[in-house]
Amino acid sequence: MMSGTSMDGVDAVIARFPENKVDIIGSTWSAYPETLKTRLNALVEPDWRGSLADIQDLDHQVGQFHAAIAAELISRTGVHPHAIGYHGQTIHHQPDAACPNSWQLGDPNLIVAATGVTTICDWRRRDIALGGQGAPLTPVFHARIFREQRPVGVLNLGGIANLTVIPPDPGAPVIGFDCGPANTLIDLWSRQHDRGDYDADGAWAASGNVNDTLLQRLRADPYFQRPPPKSTGREHFHRQWLSQRLHGLEVPAEDVQATLTELTAVTIVDALESWAPDVRKIHLCGGGAYNPYLVERLQSLGGSRHWQSTALAGIPPDKVEAIAFAWFASQTIDQRPLPLASITGARSDGVAGAIYTP
């Protein structure tokens, strides 16, 4: 089960993994209740002034929500899974701080109690303890499923855009890192202007014009020039970050949306040109894969690169991450380390996740 930085809801999948393939047995997506979504989005803003009791309450609500989803999917499919890979809801990710950590809400004990299934969570902190970024994790799964006879990329367009670069040689290191914001600022601006939780089909962005001055201010953030390994999230790219760069500018709202979409596309293409110039084919997944205007901008800026949905490889774009955490659970149950060191910068690979048994 996966809920990402967009904080819109939960993807859940029951899957099997014969050889290097994926069999999807059942899946579902459930939107967070509006009150819970509002509280979670407020919690990750720098000006949040809640209490420990608020966090404890949200921890229970997020866990309870996931537990109900898991129980319903198990009941509907009639399949009792061997284990549940449960990501939880990230509220703060700070791998480069003096006290590096990554914090996900959602009590896994509630899932175990509701399903009777071993549940594995806390995926990021072992890697951080080993000196890594703790993110992104999914490149390990991407390499298992999408490897070809030439270098290939996988681009997850969630709240944050993360890129996987897969070499044709299974013995060569996989590279993966966060490029920067994908949907998080686009969604934030949509909500702020009562345009819904996201810009459907990128239509609002397409109605505007890119503001070059604003785009230059946004691209000047040092994160974009940092070499991998690197990871980021809403603790960096948030409402105040955007407000500071809009200061003193009078830009129509639709032009801001067009510029934020352009920021996503141009920083992804910059990352490819800097760190994966040989990659000419990129699989797209995540919610942004359903945004035709964003995909159009990637195609326009990306030169001869070919961009295609993971659906063409048999995996729906919005299910890739949930499937990845199902596979991670299988690896943890078998005590197999995830080969993350080349991706996150950790000193060594480690078995990821904390196991909660019935």
* **Counting DSSP beta bridges with both ends in the range 139-317, the antiparallel % (nearest 5)** => 60
* Asked: Roughly speaking, what is the centre-to-centre gap between the range 14-58 and the range 304-358 when only Cα atoms are used, to the nearest Å?
  -> 17
* **Sequence-distant lysines (8 or more away, or on other chains) whose Cα lies within less than 22 Å of Lys281** => Lys21, Lys319
* To do: Report the residue, chosen from Trp123, Trp189, Trp275, that carries the largest GNM mean-square fluctuation when the chain is represented by alpha-carbon nodes joined by springs under 10 Å.
  => Trp275
* **Residue order, fewest to most beta carbons within 10 Å, for Glu235, Glu250, Glu148, Glu273** => Glu250, Glu148, Glu273, Glu235
* Roughly what would the spin-label model give for Ile25 and Asp57, points 7 Å off Cα along C-beta, in nm? -> 3.7
* Structure fact -> Of the DSSP H helices in the chain, the ones reaching 30 Å or more along their long axis in Cα terms and averaging at least -0.5 in Kyte-Doolittle hydropathy are 52-77, 253-275
* Using helices alone, what [θ] at 222 nm do you get for the chain, with -39,500 (n - 2.57) per DSSP H run of 4 or more residues, divided over all residues and rounded to the nearest 500? -> -11500 deg cm²/dmol
* Residue of Ser348, Ser274, Ser27 that the Gaussian network model of the chain assigns the largest fluctuation, springs spanning Cα pairs under 10 Å -> Ser274
* Environment charge at Arg239 (Cβ cut-off 14 Å; Lys +1, Arg +1, Asp -1, Glu -1) -> -1
* **the chain: most fluctuating residue of Gly345, Gly248, Gly286 per GNM, C-alpha cutoff 10 Å** => Gly248
* Full extension from Ile355 to Asn101: what is 0.36 nm times the residue separation minus their Cα-Cα distance, to one decimal in nm? -> 89.5 nm
* What is the sum of charges around Asp57, taking Lys and Arg as +1, Asp and Glu as -1, for the other residues whose C-beta is under 13 Å from the C-beta of Asp57? -> -2
* Asked: What per residue convex hull volume, in Å³, do the alpha-carbon atoms of the range 139-317 yield?
  -> 108
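Every read-out reported here was derived from the displayed coordinates using simple, explicitly stated rules and does not represent laboratory data. Source: prediction; values computed, not measured. We place every Cβ from the backbone using ideal geometry, glycine too, and count neighbours over all the protein chains shown.
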